[in-house]
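Taking it in order: structure first as C-alpha cells, then the write-up.
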Amino acid sequence: MTRSGPPDPRAALVLVPRVLLGTSAAFLAVAAFVNRQGNASGPEIVSWMAIGFAALAPLLATAVRGQGLVAAPPAASETPAELAVRLQKTIVFFGVLESAVLFAAVALIVSPPPWPLVAAVLPLAVMALNLPPRQG
C-alpha cells in the first residue's frame with residue numbers, strides 16, 4: 001500500500017478521535033467486567049491492567065501514527081502542511097505512550113507488586129527511540 005502526495009489531515013482528524021474514544025470505551029468495558037466478576041477487590045488488578053496497557057500502548061500509538069514503530073526522518077522539503085500533520089501525529093503518539101506510563105505510575109502507587117514499574121519501561125523506551133532531533 002503506497003500513498004501518493006502528502007498525508008490528508010482530514011483522515012487523521014477522523015481517525016484519531018475515534019481511536020481515543022474506542023480505547024476509552026475498552027478500558028471502561030474491561031473495568032466493568034472485572035468489577036462484575038468480583039475480582040476488583042484488591043489493588044493488584046490495577047497493576048495487571050496497567051501492565052496490559054503498557055504492553056498495548058506502543059502498538060496503539062504506532063497504528064495511530066501510521067509510520068512504524070520508529071518514524072523515518074522527515075523529508076528535507078517538508079511543506080508547512082506536512083509539518084503540521086507530523087506534529088499532530090507526534091503529539092498523539094507521545095500522548096498515548098505517556099498515558100500508559102502514567103497509568104503504570106498510579107498502579108505502582110496503589111499496588112504492592114513492582115511489575116507496573118517494569119512494564120512502564122516499554123512505552124518509555126518507545127518514546128526515547130522516537131524523540132525528534134533538536135533543531136539548530
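Readers should treat all values here as calculations from the given coordinates under stated rules, not as data from a laboratory. Quick caveat: nothing in here was measured; it's all calculated off a predicted structure. Counting neighbours? That spans all protein chains shown, and the Cβs are built from the backbone with ideal geometry, glycine included.
Worth a mention:
- Note on residue 56 and residue 82: the model spin-label points, each 7 Å out from Cα along the C-beta direction, lie 3.5 nm apart.
- Of the trypsin sites (Lys or Arg not before Pro) in region 55-136, those whose Cβ has at most 11 other Cβ within 10 Å and which sit in DSSP loop: 134
- Dipole of region 44-136, positive end: most advanced residue of 124, 77, 58 [Cβ charges, Cα centre]: 77
- Proximal charge balance of residue 93 [Cβ under 11 Å; K/R count +1, D/E count -1]: +2
- Where N is the number of residues in region 89-136, Cα Rg divided by 2.2 N^0.38 Å: 1.32
- Relative frequency of Cα-Cα separations exceeding 17 Å in region 38-136, percent: 54
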